[in-house]
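Presented below is the structure to which this report refers.
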Amino acid sequence: MPDLDWSRCTAVESVPDRRSGAWVFRNTRMPVATVFENLELGTPIDEIIEQYDVTREQIRAVLEFAARSLDAPPVPVGATDRSDAHPL
């Protein structure tokens, strides 16, 4: 998976003096990575909200940003998309 450009997500920020510059939810010390780590472990979103004092909207914002970031970039008009082509 490519690295995400979190600077384009308005729900998060990176502050050098906060959590060593890790991406955190805006105005918090909660690392965004913690949400993904907990989801990977199967932790329900409601439990993450309770345990880490983040809102459902904050979690939704980072999940939507991550999902949109994985979309294929648009193909310019007139360009041929050969990403699925097999070599001859």
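Values quoted throughout were computed directly from the atomic coordinates according to the rules given, and no laboratory measurement underlies them. Every value quoted in this text rests on a predicted model; they were computed, and no experiment measured them. Don't worry about glycine lacking a Cβ; one is built from the backbone with ideal geometry, like all the others, and counts go over all protein chains shown.
Between Ser7 and Arg56, what is the label-point separation in nm under the 7 Å Cα-to-beta-carbon projection?
3.4 nm
Taking the Cα centre of region 27-71 as origin and charging only Cβ (+1 Lys, Arg; -1 Asp, Glu), how large is the dipole, in debye to the nearest 20? Walk me through the intermediate numbers first.
Details: 4 positive and 9 negative charges, 35 e Å.
Taking the Cα centre of region 27-71 as origin, the dipole is about 180 debye.
Calculate the all-directions average of the projected area of region 27-71's alpha-carbon convex hull, and give it in nm². Each step should come with its number before you reach the end.
Working: hull surface 12.9 nm².
The directionally averaged projection comes out at 3.2 nm².
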